[in-house]
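A short worksheet on the structure shown next.
The numbers here are math on the coordinates, done by the rules we state, and not lab data. Note that the coordinates shown come from a computational prediction; the quantities given were computed from them, not determined experimentally. Positions of Cβ are backbone-derived with ideal geometry, glycine not excepted, and every protein chain shown enters the neighbour counts.
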Amino acid sequence: MPDAATPSPEPRGPAGSSPASSGAAVPSTLARVLAFAAIVVAGACGGLIGWAVTDLQCDDGCTALAGVGALIGAVIAAGGVAIVAVLTLRAMTEWRTIDERQRRGPAPRG
């Protein structure tokens, strides 16, 4: 059984390099900022839609119920876009890694 004080080895990629040492392993800052902005915008839109749907169904100014509808709509919309954003960023990283491997050529066998 490994000792708790012993740090676990750093994960290694297929070529033996750590993911953190490779510049291609991290999506660009612009891509991450755009993904974050898309999540925020989707949350705001989902909140507006949730509020509007709940407000239209209520006759006597149900502000608390409309607020709950807005919150639920915002969470669902932001969550859905967040999933798509993470998958997109992962795909971009994979494409960059594949492109980098193709540019370097085949790995030496030995």
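Counting Lys and Arg as +1 and Asp and Glu as -1 over every other residue whose Cβ lies under 15 Å from the Cβ of T88, the net charge comes to +2. Between L71 and V26, the modelled label-to-label distance comes to 3.6 nm, taking each label 7 Å out from Cα in the direction of the beta carbon. Report note on the peptides 89-96, 44-51, 64-71, 100-107: ranked by the mean count of other C-beta atoms within 10 Å, highest first, their order is 44-51, 64-71, 89-96, 100-107. Each residue of segment 78-93 was assigned a 3J(HN,Hα) from its phi angle through the Karplus curve 6.51 cos²θ - 1.76 cosθ + 1.60 (θ = phi - 60°); the sequence is 5, x, x, 5, 4, 4, 5, 5, 5, 4, 5, 5, 5, 5, 4, 5 Hz, with glycine and proline shown as x.
Distance between the 7 Å Cα→Cβ label points at Q57 and E100: 4.9 nm.
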